[in-house]
């Protein structure tokens, strides 16, 4: 009998970021639980060479996005999503919240101090 590769898992945070699913060479899905408890705790921003889709699950979550020198704070409620292409970092608004992040499996990342 052939062993099934399909499995159902619970999507819940395990550390800051973990990848429960991926199609190597194409996409991956990560569970992201930011370590910043507020926007004021963010001291570093990152920017990837490809877009990232952030989907808010459970509680409210925040993203700080910096474009052309201007910072914008986005507050997301459960089931809301945003595509990010600029400098960014996440923060927690509701302790039970987290993000699902969809991105390519191969990309480069730059970091800048805030």
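Bear in mind that the values in this text are calculations on the coordinates, not laboratory data. Nothing here was measured: the structure is a model prediction, and the numbers come from that model. Cβ coordinates were reconstructed from backbone atoms using ideal geometry, including for glycine residues, and neighbour counts include every protein chain displayed.
Enumerate the strands (runs of 3 or more DSSP E) found wholly within segment 1-72, keeping only those where 1 or more residues are free of Cβ contacts under 8 Å to residues at least 60 places away in the same chain and over 17 Å from residue 89 (Cβ atoms). First the steps, then the outcome.
On the way: elements: 17-23, 27-32, 44-48, 52-57, 61-67.
Filter on segment 1-72 gives 17-23, 52-57.
Looking for whichever is buried (at least 20 other Cβ atoms within 10 Å of the Cβ) and in contact with a strand residue (DSSP E or B) (Cβ under 6 Å, 6 or more places away or on another chain) here; the options are 63, 53. Which one fits? First the steps, then the outcome.
Details: 53 fails: buried (at least 20 other Cβ atoms within 10 Å of the Cβ).
Result of the check over 63, 53: 63.
Scanning segment 28-45 for residues that are in contact with a strand residue (DSSP E or B) (Cβ under 7 Å, 6 or more places away or on another chain) and surrounded by 13 or more Cβ atoms within 10 Å (Cβ to Cβ) yields 28, 29, 30, 31, 32, 33, 34, 36, 39, 42, 45. Against the condition surrounded by fewer than 18 Cβ atoms within 10 Å (Cβ to Cβ) and within 12 Å of the chain's Cα centre (by Cα), how does residue 100 come out, does it pass? For residue 100, the condition - surrounded by fewer than 18 Cβ atoms within 10 Å (Cβ to Cβ) and within 12 Å of the chain's Cα centre (by Cα) - is met.
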